[in-house]
Amino acid sequence: MSAVSSWVSETLVRDATERRIFATLGLITVLLVVGVLTGVIGPRFLLFQIALVGMYALLSLGLNVQWGYAGLINFSVAAFWGIGAYCAALLTAPNSPLGLGLHPVFGFLAAIVVSAFIAVLIGIPTLRLREDYLAIASLGLAEVIRAIILNEDQWTAGSSGISGIPELLSWLPLTDAATTAAVVVFLIAVVYLFLRRVHRSPWGRVLRTIRSDEDLAKALGKNTYQFKMQAFVIGSVIMAIAGAFYAHLNLYIDPSDLVPLTTFYIWIAVILGGTGSNRGAVVGAAVVIAIREGTRFLNDIGFIQTLGVDLAPLRLLFVGGLIILIMRFRQDGLLPPKDELIWPAARDGSGAGGASASGAAPDGGTSSNGGDDR
Amino acid sequence: MIPLQVSPFQYVANGVVFSSIIVLAAIGLSLVYSIADFANFAHGDLMTVGAFSALFSVGFLRPMLGDAGVFGLPLWFFLALAFGMGAAAVISVITDRVVYQPVKGSDSIGLLISSIGVALVYRALVFLSFGTEPERYGVPRQGPIPWVRETLGIAVTPRNLVVVMLTVVLVTALHLTLTRTTLGRKMRATADNADLARVSGIRTREVIFAMWLIGGALAAAGGVFLGLEELVRPRMGFDILLIIFAAVILGGIGSVYGAMLGGLVIGMVHELVPLFNQWGIIPVGSRYAAAVAFVIMVAILLVRPSGIAGDSG
């Protein structure tokens, strides 16, 4: 028990601002639980929202590897998400144009392989160049992929979409909503632990160096192109996994969600949460879902309906304004990365001892300054 | 109207008109890229803002001026064009003051991300003020000019001609401004090396002010022409943004003359895609016109990262 509480105090609540943020989040959680217990919120609805938050959190973690760790501006989040979703849908749905009806495992595997392949293809021409080239090229790639899925309806069913996607693990003795929520929590845990491990490894430290000063990394003899490519592929694969999960959550997929706005939602989640921070990515994803669902709730309030305002543009306005405000007032986000690169043992001064602690401290310094160097 | 067997020259003619629009937009984007030093993702939506501002002014200009016309188009259209250009110029200057200047502390990436927020806000405001439906300027329908059709066998409407002519006028005016005036020399100096320009006594704030005015006005002209040729839609600017970026990159980022050349090439390729498809050069039709333009951009990046006219990348 004391181990848990010390973990909480070390990783979650480090200073006053963060304590306030987590207190707010805790309060919202309590309110949600009370809402379910009193029957205001349906548990099924809440579990679906949790699964959705989880999916957004996965996408944010994927983007965080690319933008937060390596400084790569990827505007094709929606495309890699769509690749994952379509791989899962095409292989597993019995009434998809391919009509295979395979086990969901093959859908996830295909999502990983195809997204990795496409990430390499788009990375080869763009990762050697200036960072803003990747922004433009990746947005272009996303639109090309959307055009292909929309137009090649003999393979992808075009705008009519694919339905009849099977549910995941339907043999588990849980409701379907609970099962998907459990699956996404499992996926996030695996991805989170994996990312924390690689981020603290020498590989992660090289990426941080590339992000703050690529010439320095080159001068130290690092093949920065290789490192950036690896980060790009890892991030894209995580996004595709999120997409494959979404196909099994929503049980229906069509190209309308592949628009650039989806990508910008994930960007908000990452920069709001704190660029480079995995904790922040998860929190940011929850905030983004709150924005989306909150504006949908407004739709149901009679007063606003009588005003005759269309809420889709208001949401757009809100999202755009939020991006501008974050970039102006809190570029580091809500939970900026502090010492995520430091091994806990090194921080305590125990374990490997003073040598590793002093070795790790400068890295920690770079990481907290990373936000300002941008 | 168009003969069944479309002449290859027809595609070239369409290409010239579409290129004009792309060139106008690409110049503004390239100016921002070279002087303010960031990729402005709000530039497409700035075109939309200009096009809708012009549409707004049509509402009061048309009753005032009636149907008197010049060059085959009603007079009110030209005034609406001027109004749209002015409105977009003012809006882009205000945007710079309110949004971009305060974030100046961070580098070009912070500005790039901010510009996405600006793009979404522009589009939301257009949606809120004009609704989501496509609109028209209400310029009377015109057939192709008869003598062009008889001599060359291609359909060219008076409005096509006006678009191309006005583009030539605007581009020439910009060229003269950049080469013959003090302001132009200051702009080129700032684009080349902002710090050096400041040290040698150029007020870069004024240059940036002029840059937003010119870029915004040209973007609006492109937007109005696009609305005249097709429809005035709230998403028109964002849908065309990638093609404009392709033109800017193709020409070499930051080079205004490169952007003109890149716009010409990309616009032409975009319209020639059906012809290439007909000839069997490429396997896809006009649905993938934007994708083909984009693939060409990536190919150019691979071979020559600095673009056609750029120096070192």
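The values are calculated or read from the model by the stated rules, or taken from the named source; none is laboratory data. Small disclaimer: the values here were computed from a predicted structure and weren't measured. Heads up, the Cβs are rebuilt from the backbone with ideal geometry, glycines too, and the neighbour counts pull from every protein chain shown.
Out of B:Phe52, B:Phe41, B:Phe60, B:Phe71, which single residue is aromatic (Phe, Trp, Tyr), within 30 Å of B:Val148 (Cβ to Cβ) and out of contact with any Lys or Arg (no Cβ under 8 Å at 6 or more places or on another chain)?
Going through B:Phe52, B:Phe41, B:Phe60, B:Phe71 in turn, just one is aromatic (Phe, Trp, Tyr), within 30 Å of B:Val148 (Cβ to Cβ) and out of contact with any Lys or Arg (no Cβ under 8 Å at 6 or more places or on another chain): B:Phe71.
Do we find that B:Val292 is in contact (Cβ under 8 Å) with a residue 40 or more places away in the chain and either more than 11 Å from chain A (Cβ to nearest Cβ) or over 30 Å from B:Thr182 (Cβ atoms) (or both) in this structure?
Spelling it out, it is not the case that B:Val292 is in contact (Cβ under 8 Å) with a residue 40 or more places away in the chain and either more than 11 Å from chain A (Cβ to nearest Cβ) or over 30 Å from B:Thr182 (Cβ atoms) (or both).
Test each condition in (1) out of contact with any strand residue (DSSP E or B) (no Cβ under 7 Å at 6 or more places or on another chain); (2) in contact (Cβ under 8 Å) with a residue 60 or more places away in the chain; (3) farther than 28 Å from B:Ala291 by Cα for A:Ala93 and report the one that comes out false.
All conditions are met except number (1).
Being within 14 Å of chain A (Cβ to nearest Cβ), of a type in the set (Gly, Ala, Ser) and over 15 Å from the mean Cα position of the chain (by Cα), is that true of even one residue in the stretch B:259-281?
No.
Is there a residue being under 24 Å from A:Ala285 (Cβ atoms), buried (at least 17 other Cβ atoms within 10 Å of the Cβ) and among the basic types (Lys, Arg) anywhere in the stretch A:187-197?
Looking for residues that are under 24 Å from A:Ala285 (Cβ atoms), buried (at least 17 other Cβ atoms within 10 Å of the Cβ) and among the basic types (Lys, Arg), one finds none in the stretch A:187-197, hence no.
Name the single residue that is nearest to the other protein chains (Cβ to nearest Cβ) among those in the stretch B:104-153 being crowded, with 21+ Cβ neighbours inside 10 Å and β-branched (Val, Ile, Thr).
The selected residue is B:Val121.
Among (1) among the hydrophobic types (A, V, I, L, M, F, W, C); (2) within 14 Å of another protein chain (Cβ to nearest Cβ); (3) more than 23 Å from A:Arg130 (Cβ to Cβ), there is one condition B:Phe238 misses while meeting the rest; what is its number?
Only one criterion is unmet by B:Phe238, namely (3).
Per-residue answers, yes or no, for (1) more than 22 Å from A:Asp132 (Cα to Cα); (2) of a type in the set (Asp, Glu); (3) in a helix (DSSP H, G or I):
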position	(1), (2), (3)
B:Ile249	no, no, yes
B:Met260	no, no, yes
B:Leu272	yes, no, yes
B:Val284	yes, no, no
B:Arg287	yes, no, yes
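One residue is enough: does the stretch A:288-305 have a residue meeting the conditions part of a helix (DSSP H, G or I), surrounded by 18 or more Cβ atoms within 10 Å (Cβ to Cβ), away from chain B (no Cβ under 12 Å) and modelled with pLDDT under 70?
Checking the stretch A:288-305: not a single residue is part of a helix (DSSP H, G or I), surrounded by 18 or more Cβ atoms within 10 Å (Cβ to Cβ), away from chain B (no Cβ under 12 Å) and modelled with pLDDT under 70.
Every residue, every condition in (1) under 23 Å from A:Ile162 (Cβ atoms); (2) surrounded by 24 or more Cβ atoms within 10 Å (Cβ to Cβ); (3) out of contact with any Ser or Thr (no Cβ under 9 Å at 6 or more places or on another chain); (4) free of Cβ contacts under 8 Å to residues at least 60 places away in the same chain, yes or no:
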{"site": "A:Arg20", "(1), (2), (3), (4)": "no, no, yes, yes"}
{"site": "A:Leu25", "(1), (2), (3), (4)": "no, no, yes, no"}
{"site": "A:Thr29", "(1), (2), (3), (4)": "no, no, yes, yes"}
{"site": "A:Val34", "(1), (2), (3), (4)": "no, no, yes, yes"}
{"site": "A:Ile41", "(1), (2), (3), (4)": "no, no, yes, yes"}
{"site": "A:Phe45", "(1), (2), (3), (4)": "no, no, yes, yes"}
{"site": "A:Phe80", "(1), (2), (3), (4)": "yes, yes, no, no"}
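Going residue by residue through the stretch B:91-101, is there one that turns out to be farther than 18 Å from B:Ala219 by Cβ and either surrounded by 17 or more Cβ atoms within 10 Å (Cβ to Cβ) or facing chain A (nearest Cβ under 7 Å) (or both)?
No, the stretch B:91-101 contains no residue that is farther than 18 Å from B:Ala219 by Cβ and either surrounded by 17 or more Cβ atoms within 10 Å (Cβ to Cβ) or facing chain A (nearest Cβ under 7 Å) (or both).
Results for (1) assigned to a loop (DSSP other than H, G, I, E, B); (2) farther than 30 Å from B:Leu112 by Cβ, shown as yes or no for each residue.
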site	(1), (2)
A:Gly84	no, no
A:Cys87	no, yes
A:Pro97	yes, yes
A:Phe106	no, yes
A:Ile122	no, no
A:Tyr133	no, no
A:Ala137	no, no
A:Gly140	no, no
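Of all residues in the stretch A:172-211, which are in contact (Cβ under 8 Å) with a residue 40 or more places away in the chain, touching a Ser or Thr at 6+ places or on another chain (Cβ under 6 Å) and either among the hydroxyl-bearing types (Ser, Thr, Tyr) or not in a helix (DSSP H, G or I) (or both)?
Residues satisfying the conditions do not exist here.
Just the residues that are within 8 Å of chain B (Cβ to nearest Cβ) and surrounded by fewer than 22 Cβ atoms within 10 Å (Cβ to Cβ), please, taken from the stretch A:125-147.
A:Pro125, A:Arg128, A:Leu129, A:Arg130, A:Glu131, A:Asp132, A:Val144, A:Ala147
Being assigned to a helix (DSSP H, G or I), out of contact with any strand residue (DSSP E or B) (no Cβ under 9 Å at 6 or more places or on another chain) and more than 10 Å from every other protein chain (Cβ to nearest Cβ) narrows it down to one residue among B:Phe83, B:Phe77; which is it?
None of the other options fit; the residue is B:Phe83.
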